[in-house]
Amino acid sequence: MACADLPALPLQVLLWRHPEWAKQPAAVVDRDKPQGLLLWINERARQSGILPGMRYAAALALDPELRASIVPESEIAAAVDGLTQRLWSFTPRVEPSEAEPGVFWLDATGLQRLYASPRDWAVRIKIDLASAGYAASIAVGFTRFGSYAAARTAPAVARDGIRVFRSPDEEAAASREVPIARLGFDAKLRDALHRLGIERLGQFLDLPVEGLRRRFGKAAYDLYCQARGDDAAALDPVLPTEPLEARVILDHPESQLDRIATQLSAMLAPLLQTLAGRHQGLSHLAVALRLDDGSTADESLEPAEPTQDRAQIESLLRLRLGRVQLGSGVTELALAVRGVSTKRQQLDLFATRSRDLAAARRALARIRAEHGDDAVRRAYLHEGQLPEHCFSWERFERLEPPRARDLAGTSSGGRPLVRRFFPSPIALPSRARHEPDGWLFDVADGPIEETLGPFVVHAGWWLREVVRHYYYVRTSSGRWLWIFLDRQQRRWFLQGEVE
């Protein structure tokens with residue numbers, strides 16, 4: 001078994017976008033906020049003492065030159081898919097890691113007659129990846145974790161970044177010397193082991209197993225078993241499949257979208273039949289329209305669930321085509337579909353009356369098809385010192401069933417209070433001279449009758465200092481408003497309202 005490691009693959013994708021960061025400390029973060037977590041870092045950042053799992057603000061304190069940004073999961077997934085296809089040229093059994101993008105396990109057996117040696121095979125893989133712009137290290141060994149650990153340190157041990165072991169014992173001895181900081185350990189576990197003076201994998205493996213599980217939990221125990229080879233799972237490869245595509249060249253340029261949609265529907269039917277033969281449902285549909293002026297219009301869509309429902313797919317396709325602006329007639333049509341295995345859903349034992357979740361998912365899929373993939377978003381909560389930094393709007397991928405929440409202990413006799421606030425605070429006008437004391441900004445609300453506060457928030461010291469004094473105020477009309485005084489601007493703002 002061999003392991004190809006493309007170190008910090010999402011970071012490599014990021015550096016394609018920002019080549020000027022190549023010689024600077026750089027990192028990929030989960031969100032572009034001071035409290036964002038560092039997910040992947042380069043060697044320049046590691047030399048400054050920066051490690052994955054740190055907060056962006058803490059890493060900036062170690063090295064103010066650090067550059068960081070977000071890499072969408074769609075870009076990472078596309079890179080992994082492309083790399084898997086490249087690696088199929090060297091072995092038909094390739095398993096990309098689900099936990100660490102950029103780690104691939106390869107089946108190196110049965111290739112003796114194709115390559116002079118295992119090293120020759122590994123060198124050819126490395127050259128091919130380098131031609132595509134990827135930096136990689138490769139280890140050819142005997143176990144999943146052993147080859148993975150060796151690949152992580154191959155650039156520091158071997159000049160060409162390739163290690164080949166002759167025996168399992170040689171692989172095991174090399175793995176024990178691998179620093180834990182180079183492996184995919186959880187940040188909290190890594191820091192806890194560091195405080196105990198445990199820096200290398202061999203020291204971790206020498207810990208008593210029962211004490212390890214009791215002190216660090218099941219995740220650490222599972223990692224321990226994997227490193228020892230006790231849980232040596234067989235390779236679970238992603239097998240290559242022929243892409244499902246269809247292409248039609250039109251006799252005359254066509255500019256009527258209805259006719260184009262009808263032709264695409266006819267092309268779609270045999271592709272769905274092929275997917276049905278594979279026991280797969282359509283999960284992704286790509287359309288390419290070649291125009292008479294030589295340009296190309298590309299569109300893609302995804303149904304709410306992998307499906308064989310032709311009517312549903314055609315409906316989404318027509319909605320997506322409604323967004324296309326044709327500058328000239330279409331001369332060529334191309335379709336490409338991707339499917340995934342579908343499982344027959346078990347019937348409910350008892351009928352329950354609830355909202356139709358599948359119908360809601362189909363409705364959201366129609367919105368995406370008509371208005372674009374970014375049209376459906378939701379607010380994701382995360383840590384932040386200022387209220388407007390405590391959430392971000394991100395793409396909403398999938399609607400899940402609602403989960404009941406225990407409301408015991410909430411205020412107002414068990415009824416939760418909802419604090420609604422604006423994404424950007426609204427500046428309040430100064431009190432007019434003719435208004436009596438206690439009036440806020442709108443005569444209809446009446447004077448302030450009750451005040452709670454101040455609650456001081458001091459934040460933004462790493463960029464721009466912000467000092468706010470927050471108050472909850474109740475007006476005579478019964479509204480509870482959430483306001484604050486900005487000490488720098490010496491002005492009042494309306495942040496939101498409590499309902």
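Quick note: the coordinates plus some simple rules give every number you see, no bench work behind them. Only a predicted model underlies this, so the values are computations on that prediction, with no experimental measurement involved. Here Cβ is always computed from backbone atoms with ideal geometry, including for glycine, and neighbour counts include all displayed protein chains.
What to note about this one:
- Within the chain, helix-based [θ] at 222 nm, where runs of 4 or more DSSP H residues each add -39,500 (n - 2.57), nearest 500: -9500 deg cm²/dmol
- Theoretical FRET efficiency, 1/(1+(r/R0)^6), r = Cβ-Cβ of ALA375 and ASP160, R0 56 Å, to 0.05: 0.70
- Annotation note: GluC sites (Glu not before Pro) in the stretch 192-247 located in DSSP loop regions with a Cβ neighbour count of at most 16 within 10 Å are GLU199.
- The mean sequence distance of close C-alpha pairs (under 8 Å, at least 6 residues apart), as a share of the length of the chain, puts its relative contact order at 9 percent.
- Phi-based couplings in Hz for the stretch 482-499 (Karplus 6.51, -1.76, 1.60; Gly and Pro marked x): 10, 10, 8, 9, 7, 5, 6, 8, 6, 8, 8, 9, 9, 8, x, 8, 9, 10
- Counting only whole DSSP H helices of the chain, the ones at least 27 Å long by C-alpha along their axis and with mean Kyte-Doolittle hydropathy no lower than -1.0 are 257-277.
- Sites excluded, chymotrypsin sites (Phe, Trp or Tyr not before Pro) in DSSP loops with at most 14 other C-beta within 10 Å, longest stretch of the chain: 1-349
- Read-out semi-axes √(5λ) of the Cα gyration tensor in Å, derived from the coordinates shown; its label in [x] 46, 38, 24; [y] 46, 22, 20; [z] 32, 30, 21: [x]
- For the stretch 244-367, relative contact order (Cα pairs under 8 Å, six or more residues apart, normalised by length) works out to 38 percent.
- DSSP-loop trypsin sites (Lys or Arg not before Pro) across the stretch 70-127, with at most 11 other Cβ within 10 angstrom: ARG113
- Taking amide H positions as modeled 1.01 Å from N, with prolines and chain starts lacking one, the residues under 5 Å from SER255 and 5 or more places away or on another chain are VAL330.
- Residue-span extension gain [VAL456 to LEU111] - 0.36 nm each, minus C-alpha spacing: 117.5 nm
- Point-charge dipole on Cβ atoms (K/R +1, D/E -1) for the chain, about Cα centre, debye to 20: 900
- In sequence order, calculated HN-Hα J values of the stretch 386-391 (Karplus, 6.51, -1.76, 1.60; Hz; x Gly/Pro): 9, x, 6, 9, 8, 7
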